[in-house]
1. Which of the trypsin sites (Lys or Arg not before Pro) found in segment 144-211 are in a DSSP loop and have at most 15 neighbouring Cβ atoms, other than their own, within 10 Å?
2. What does the charge dipole of segment 108-211 about its Cα centre add up to, to the nearest 20 debye, if the Cβ of each Lys and Arg holds +1 and the Cβ of each Asp and Glu holds -1?
3. Within 15 Å, Cβ to Cβ, of PRO168, how many net charges do the neighbouring residues add up to if Lys/Arg are +1 and Asp/Glu are -1?
4. Using the beta-carbon distance between ARG252 and HIS159 and R0 = 25 Å, what value does 1/(1 + (r/R0)^6) give for FRET efficiency, to the nearest 0.05?
5. Once both axes come from the Cα atoms, what is the angle between helix 148-159 and the longest principal axis of the chain, in degrees from 0 to 90, rounded to 10?
6. Would you kindly state how much longer the chain becomes between LYS228 and LYS137 on full extension, computed as 0.36 nm times their sequence separation minus their alpha carbon distance, in nm to one decimal?
7. Loop only by DSSP, 10 or fewer other Cβ within 10 Å of the Cβ. Give me the trypsin sites (Lys or Arg not before Pro) in segment 68-127 that pass, ordered by residue number.
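Just so you know, all these numbers are worked out from the coordinates, no wet-lab data involved. The shown structure was predicted, so the numbers you read here are calculated from the model rather than taken from an experiment. Neighbour counts are summed over all protein chains in view; Cβ atoms, including those assigned to glycine, are modelled from backbone coordinates with ideal geometry.
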Amino acid sequence: MSTTRRCLLALSLSLGLGAGAARAQAPVPTVAAAADLKFALEDVAAQFEKATGYKLRLVFGSSGSFYSQLLQGAPFHLFMSADEGFVFKLADAGKTRDRGRLYAYGRIGIMVPKGSPLKADGELKDLGAALKDGRLKKFAIAAPDHAPYGMRAREALQHAGLWQAIEPRLVFGENISQTAQFATSGATEGGIIAYSLALAPQVARLGDFALIPQDWHQPLAQRMVLMKDAPEAARAFYEYIATPEAQAVMVRYGFAMPKP
């Protein structure tokens, strides 16, 4: 974060201590966030609200679906995408204040529920064996036509030479959060989900997880951007995401931080 931004954020936080009541009554901005952020961003938002007095409304879903909604004028104020390409397209369409900022890099891995015949093998060798010996009936990934984590899952399966064989057995989640539900509920033998979700205690206790090598797919470069009508609270949260306090939470959930 630049010195100017740090000063502005520090001023905002200090003023917030004496203006909590006014900020509590300010319009509540809506943050459209990629589903892999669910647990991490809830923690970051709670810290932000406590520090500033601002309130936020968090909505989680697939980045591609949010992109389509924003093109049609959906009333979101801050878009936190799991794929920076969607942000660039919105910017090119004139919907945003600028081209946004990288806020994190994500990872994917294989998750198998308790009792699954599959092993949590990051190199997907057991998954390949299970396709041949009949252990695999259903496998979950996010829909690759609009969910970035689904796109990267498809790339990883292609890298492993499994895509053609596994495609008929795939169950597609609308977003990566729903995919994690499919992968841990027993509805499938497993799935490819976000590392950030697998690290959450609510998910981790449901099965076993192993990271897939990150060079098996394109980077999950996650970018955020403010809409043109973003109110002060949304702008303040945009800056807060770059603070050490917020980044510490993101790292705890398995995200890598972009270099300054």
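1. Here the sparse-neighbourhood loop sites are ARG205.
2. Details: 11 positive and 10 negative charges, 47 e Å.
The calculation lands at about 220 debye.
3. That sum, taken over residues with Cβ under 15 Å, equals +3.
4. In this case the efficiency is close to 0.30.
5. 30 degrees
6. 28.1 nm
7. Hits after loop and neighbour filter: LYS114.
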